[in-house]
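The values are calculated or read from the model by the stated rules, or taken from the named source; none is laboratory data. For clarity, every value in this text was computed on a predicted model and none was experimentally measured. Cβ sites come from the backbone with ideal geometry, for glycine too, and all protein chains shown count toward neighbours. Accessible surface areas use protein heavy atoms only, side chains included; no ligands, DNA or RNA. Shrake-Rupley method; radii C 1.70, N 1.55, O 1.52, S 1.80 Å.
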Amino acid sequence: LPAVRAQLVVLYFSAAFWKLTTSWFDPKYSCATVLMSELLAGLKPIFPFPISFASLLVLAAPALVAWLEFAVPALLLLRPRWGVLLALVFHQTINLMPTTYAGGFSISMCARMVVFIPGCSSDFWAWMRGTSKPLMPTALPVGLVAIATGVMLVIHKKFDAAGTIFLCFALFYFIVLSVPPVEPPTIASRLSGWVLVPTVVAAALLTYGRVPSVVAGAVLLAVFAPRAPWTGLKAGAVFWAFIYGFVFPVIGFMMMASSTMYGNVKNFGGSNHLLVPTGLLQDVFENQTSPGWLADGFGGGQVRIDSTDSSVLQRLFKETSDQLPEHAKALLAEVNASGRYFEFYAARNYFGREHELQASAIHMGEAIEQDVMAPYVVPVYELRRSLSLACERDGHFTVNVTKMPPSARSLTAWKSHQGPAIRLTWSAKEGKGSWTCYVNGVDKPCSAKDMQLFLQPPPWWLTKFLHPYPAPLLKGNEDGIHCST
């Protein structure tokens, strides 16, 4: 259990760490403003906040949510029982969102909270038998879950298995937390109320996102953290959690399915993180296209997809802005946010299972219409991966692309670059297909180097780890990274 607890704390910290980006703290682009507006829209039938107050909450959301995401692992580290309570509140807010409802994610994390409450089963059965005296009336935890159930019913109009299981977990945890711990009190536990102060301060220092403040926050947590013995298993669990949560996005080995979700992270072509770089492997091998297992997967730089009639590439470019509640759109407009919300992760995660994507909370069973695809930039690797998928499913399609120069390191530079236009065309008949490639329309055939750069399938093993987020190039927008599932 100590190894699992330590690993989960590291993973929670890594998710908070990747919120420290310039686009996260910019209300125009931030996922926090999108999600807060969505949450307030869901709560409007019950809590119709004045538009001025709701707008203030939307503007405060980036700092507030980042602080909350740091506070959860800080409390799990310093005062686990309180940390579990705060984690339940955090995940319940996700369950209240009309569009971004993620019950599966919430129960997957909620199920793991048992490791922070040793003896919770004994506490629960002691409560059931009436042999322990609760710290609060039983009606309070039951009432809290009943209120959450009612609010979810008002917002979603129905329940699914994930939401129901989460509420059952929440009732279990609330009852357990209302029962005095089985273990005898210690001096540390008697003084544990004091950890609220370092938790609040440390989370604020970490949220500020500058090197001195982050170091100060980390030192503060280290001073108040319990002195538990380290074992080889615990050290290994923390090491691999650190590699996955922090190192993989920095070196560019993982983008989607890493701890960067909803962080507005610029994963390649320069970093927008306040503290660390991203996409280092893509930078190192940007100009290398020669054979080699690293250059083959991470080389080639970035490419702009200008247009395509491939159904596969179009399905991989999905926007869900129109699925946001009308009140959420109004709040975003009130604070001058872009209101653009993409589902690049969902489009890839559900690829080949569109019926399941249609049934998810994002679409609520409504037919999925293809969005107008804006130009976007991806690493050459992602173009190759997408084209490999398209060749398997489309009989004929064309993709117009422009290679980005190494000097272009921002979205505005990518959008304004005028380079040779490359036209890639795939034609298949009776199970056999071939590529044609021309530069500047049909004037000049592509070189063998370009054919290899764009059309060679990516390494199979890397496709199991690396799925880059596209960077859409939208009219009227500057260098911010828009929110994506």
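Exactly one residue among Phe172, Phe124, Phe159, Phe116 is of a type in the set (Phe, Trp, Tyr) and closer than 22 Å to Leu43 by Cβ, and that residue is Phe159.
Can you tell me which of Gly419, Gly433 is open to solvent by less than 50 Å² (accessible area, probe 1.4 Å) and part of a loop (DSSP other than H, G, I, E, B)? Can you show your working first?
Working: Gly433 fails: part of a loop (DSSP other than H, G, I, E, B).
Matching residue, one of Gly419, Gly433: Gly419.
Taking each residue of the range 98-123 that is under 30 Å from Glu326 (Cβ atoms) and looking for partners that are among the charged types (D, E, K, R) with beta-carbon atoms closer than 8 Å, six or more apart or interchain, yields Pro98/Glu38; Thr99/Glu38; Thr100/Glu38; Gly103/Asp160.
Name the pairs: first residue in the range 44-69 and of a type in the set (S, T, N, Q), second residue open to solvent by less than 60 Å² (accessible area, probe 1.4 Å) and not in a helix (DSSP H, G or I), Cβ to Cβ under 7 Å, at least 6 apart or on different chains? Cβ pairs passing all conditions: Ser55/Val335. Annotation: Phe242 fulfils all but one of (1) open to solvent by 30 Å² or more (accessible area, probe 1.4 Å); (2) farther than 15 Å from Ala6 by Cβ; the unmet one is (2).
Scan the range 459-466 and tell me whether some residue there is free of Cβ contacts under 8 Å to residues at least 60 places away in the same chain, open to solvent by 80 Å² or more (accessible area, probe 1.4 Å), under 28 Å from Asn272 (Cβ atoms) and outside any strand (DSSP E or B). Yes.
Within the range 390-411, count every residue that is part of a helix (DSSP H, G or I) and either in contact with a Leu (Cβ under 8 Å, 6 or more places away or on another chain) or of a type in the set (Gly, Ala, Ser) (or both). Please lay out each step first, then the result.
Just the residues of the range 390-411 that are part of a helix (DSSP H, G or I), to begin with: 390-393, 411.
Filter once more, so that each one left must be either in contact with a Leu (Cβ under 8 Å, 6 or more places away or on another chain) or of a type in the set (Gly, Ala, Ser) (or both): 390, 411.
Total satisfying the criteria: 2.
State all residues of the range 28-55 that are among the hydroxyl-bearing types (Ser, Thr, Tyr) and either under 17 Å from Ala16 (Cβ atoms) or crowded, with 24+ Cβ neighbours inside 10 Å (or both); if no residue qualifies, say none. Tyr29, Ser30, Thr33, Ser37 - these are the residues of the range 28-55 that are among the hydroxyl-bearing types (Ser, Thr, Tyr) and either under 17 Å from Ala16 (Cβ atoms) or crowded, with 24+ Cβ neighbours inside 10 Å (or both). Residues considered: Phe47, Phe70. Of these, the only one that is aromatic (Phe, Trp, Tyr) and at pLDDT 95 or above is Phe70.
Of all residues in the range 370-378, at least one satisfies being modelled with pLDDT of 75 or more, more than 25 Å from Phe159 (Cα to Cα) and exposed (fewer than 13 other Cβ atoms within 10 Å of the Cβ).
In this structure, is Thr412 modelled with pLDDT of 90 or more, closer than 27 Å to Thr260 by Cβ, crowded, with 16+ Cβ neighbours inside 10 Å and polar (S, T, N, Q)? Please lay out each step first, then the result.
Details: modelled with pLDDT of 90 or more: yes; closer than 27 Å to Thr260 by Cβ: yes; crowded, with 16+ Cβ neighbours inside 10 Å: no; polar (S, T, N, Q): yes.
No: the conditions fail for Thr412.
Beta carbons closer than 7 Å, at least 6 apart along the sequence or on distinct chains, pair a first residue in the range 307-320 that is in contact (Cβ under 8 Å) with a residue 60 or more places away in the chain and over 23 Å from Val34 (Cα atoms) with a second that is open to solvent by less than 50 Å² (accessible area, probe 1.4 Å) and part of a loop (DSSP other than H, G, I, E, B) for Ser310/Asp394; Ser311/Asp394; Val312/Asp394. Scanning the range 124-137 for residues that are outside any loop (DSSP other than H, G, I, E, B) and free of Cβ contacts under 8 Å to residues at least 40 places away in the same chain, which turns out most open to solvent (accessible area, probe 1.4 Å)? The extreme case among them is Arg129. In this structure, Val58 does not satisfy being in contact with a Leu (Cβ under 8 Å, 6 or more places away or on another chain), open to solvent by 20 Å² or more (accessible area, probe 1.4 Å) and in a helix (DSSP H, G or I).
Does Arg210 satisfy the criteria of being basic (Lys, Arg), under 30 Å from His396 (Cβ atoms) and out of contact with any Asp or Glu (no Cβ under 9 Å at 6 or more places or on another chain)? It would help to see each step written out before you state the result.
Values: basic (Lys, Arg): yes; under 30 Å from His396 (Cβ atoms): no; out of contact with any Asp or Glu (no Cβ under 9 Å at 6 or more places or on another chain): yes.
No; evaluated as a whole, the condition is false for this residue.
In summary, Trp414 fulfils each of the numbered conditions (1) in contact with a Lys or Arg (Cβ under 9 Å, 6 or more places away or on another chain); (2) assigned to a loop (DSSP other than H, G, I, E, B) with the single exception of condition (2).
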